[in-house]
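The values are calculated or read from the model by the stated rules, or taken from the named source; none is laboratory data. This structure is a prediction, so every number in the text was calculated from the model and none was measured. Neighbour counts are summed over all protein chains in view; Cβ atoms, including those assigned to glycine, are modelled from backbone coordinates with ideal geometry. What goes into the accessible areas is simple: the full protein's heavy atoms, side chains included, and nothing from ligands, DNA or RNA. Shrake-Rupley method; radii C 1.70, N 1.55, O 1.52, S 1.80 Å.
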Amino acid sequence: MLRIAGISLVLTAAAAVAFFGVRELFAAEQPPAATDVSASLGGLTASVGAADWVMMDHDMSSTAPGYQMPPAMMPGMPAEGQQRLAVTVTVVNSTGETRPIRPGKEFLLRTEPAGEPLSAHSDTFGELPRLAPGSAVSGVLYFDLPPHSPVWIEWTHEGATARLAIGVAPPHSNHN
């Protein structure tokens, strides 16, 4: 009995070392995420403020409490296995002229170097086509993604691109 426990302990330790070693190997292959919380492109300066997971109770698993609704009956909810991340972004026009800006289209979320960037599911900027001189606007961009890190905002404006860092707490969902 003691021998089986010892073998189990050794196998568990070996599995843990293998898991963390493989995780570190893949982490080393990823480029570093952005470290700046603001960037300037085309006369505009964008900065990332608060970022947090939006609590949405849409657990559709067979073990979920209460009545189970199919996803078609919950329009606008993240797909199963995804969560909604809310990122506050402020854009400032410090130039003396009106500058074009389309926050909902210019800001993308990046999660992996090889993966496609994620467009915002929705935003609170509305139809903002331009920003007047000396003006600023703040809004929230909402992205649906599997809980994942590291994440950063990629901003493309007038042919230039910048990375903006996001500080995100681990997801706190009650679903898988």
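Restricting attention to the range 143-153, which residues are buried (at least 17 other Cβ atoms within 10 Å of the Cβ) and either among the small types (G, A, S) or assigned to a strand (DSSP E or B) (or both)? Within the range 143-153, F143, D144, L145, W152, I153 meet the criteria. With the requirement that a residue be more than 15 Å from R130 (Cα to Cα), of a type in the set (D, E, K, R) and open to solvent by less than 40 Å² (accessible area, probe 1.4 Å), what does the range 80-114 give you? Correct list: R84, R110.
Going through (1) modelled with pLDDT of 75 or more; (2) over 18 Å from the mean Cα position of the chain (by Cα); (3) part of a loop (DSSP other than H, G, I, E, B) one by one, S40 falls short only on (3). Could you please let me know if F125 is at pLDDT 90 or above, open to solvent by less than 40 Å² (accessible area, probe 1.4 Å) and under 16 Å from S38 (Cα atoms)? Spelling it out, it is not the case that F125 is at pLDDT 90 or above, open to solvent by less than 40 Å² (accessible area, probe 1.4 Å) and under 16 Å from S38 (Cα atoms).
Residues of the range 102-117 that are free of Cβ contacts under 8 Å to residues at least 12 places away in the same chain and either under 19 Å from G167 (Cβ atoms) or not hydrophobic (A, V, I, L, M, F, W, C) (or both): G115, E116. Among residues of the range 118-131 that are within 21 Å of P78 (Cα to Cα), those with a Cβ under 7 angstrom from a residue that is of a type in the set (F, W, Y), sequence gap 6+ or separate chain, pair up as L118/F143; A120/F107; A120/Y142; A120/F143; H121/Y142; H121/F143; S122/Y142; D123/Y142.
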